[in-house]
């Protein structure tokens, strides 16, 4: 019993040591103001990059490229729904795999923007293009409870619409002609992952190995470790389970991966 008690004291002491230093309010406000100056500079730099993005040239894309959705085939031009701009998320698809094996990163990137009300209010249409066949995508959309703006871009070779990498793509319509104006992938997809920005505000951050943390902080894990979770909602480093968002869906039982049960 003494050994257990001592171990708990040691854990408590370690946790206390792995925390920011304690200062008075005046000192905190001064240091917070210094950080705020850096944050404002970062914001202004982001504004400058956005201005450069608006000045990128554009390139034409075939407006008649056809995707398949809940109402059957639709052209890329149709997805604009009469608006001038169209924002698309290209969702990776693992053909022939069950729901739990579909991309946790794409699930994360899309999950917070399922309702594009603020985009459409600004005159921007939204569509999600899954890089797989509709007969596989449709049951997944139903299981996840997603809105009917999902389409299958299976078989389309133009990398702006089908194939290529996952990520965000922006199009502009000029009459009946469609132009590609911007695309981003990798960490560029984080623009739609507000949870990551919120975690960056916390003292522990994302707890991923790449981040710069003070000495003594809890041990970091491989990137994306909490994008896949077990039934208890705890991230597991992609060692099985399901994309974290799936556990909120009815019928999300323990994942079955290639014939073996992995919780």
Quiz item: When the helix-only estimate is applied to the chain (DSSP H runs of n ≥ 4, each -39,500 (n - 2.57), divided by the residue count), what is the mean residue ellipticity at 222 nm, nearest 500 deg cm²/dmol?
Solution: -9000 deg cm²/dmol
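Could you grab the Rg to Rh ratio for the chain? Cα atoms only, Kirkwood for Rh. Each step should come with its number before you reach the end.
Values: Rg = 22.5 Å, Rh = 21.4 Å.
Ratio value, two decimals: 1.05.
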Quiz item: log10 I(q)/I(0), Debye, Cα-only the stretch 54-191, no solvent, q = 0.18, 0.22 Å⁻¹?
Solution: -1.02, -1.59
Quiz prompt | Within the stretch 137-161, backbone nitrogen closer than 20 Å to the virtual label 7 Å beyond the Cα of residue 195 toward Cβ | solution = 140-147
Self-check item: Helix 134-144 vs. the chain, principal-axis angle (Cα, 0 to 90°, nearest 10)
Solution: 40
Quiz prompt | Between helix 25-54 and the chain: long-axis angle, C-alpha atoms, 0 to 90°, nearest 10 | solution = 20
Practice problem: Any chance you could give the angle, 0 to 90 degrees and rounded to 10, that helix 2-17 forms with the longest Cα principal axis of the chain? | Solution: 60
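Considering only DSSP beta bridges where both residues belong to the chain, give the percentage that are antiparallel (nearest 5). Each step should come with its number before you reach the end.
Details: 27 of 38 bridges.
For the chain, the DSSP antiparallel bridge percentage is about 70.
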Self-check item: Within the stretch 54-191, percent of DSSP bridges classed antiparallel, to nearest 5
Solution: 70
Quiz item: So, in nm, how far is label residue 222 from label residue 239 when the simple model puts each one 7 Å beyond its Cα toward the Cβ?
Solution: 1.0
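Taken together, the values in this text are just the output of simple stated rules run on the coordinates, not laboratory data. The structure displayed is predicted, hence computed values, not measured ones. Positions of Cβ are generated from backbone atoms using ideal geometry, with glycine treated the same way; all protein chains shown enter the neighbour counts.
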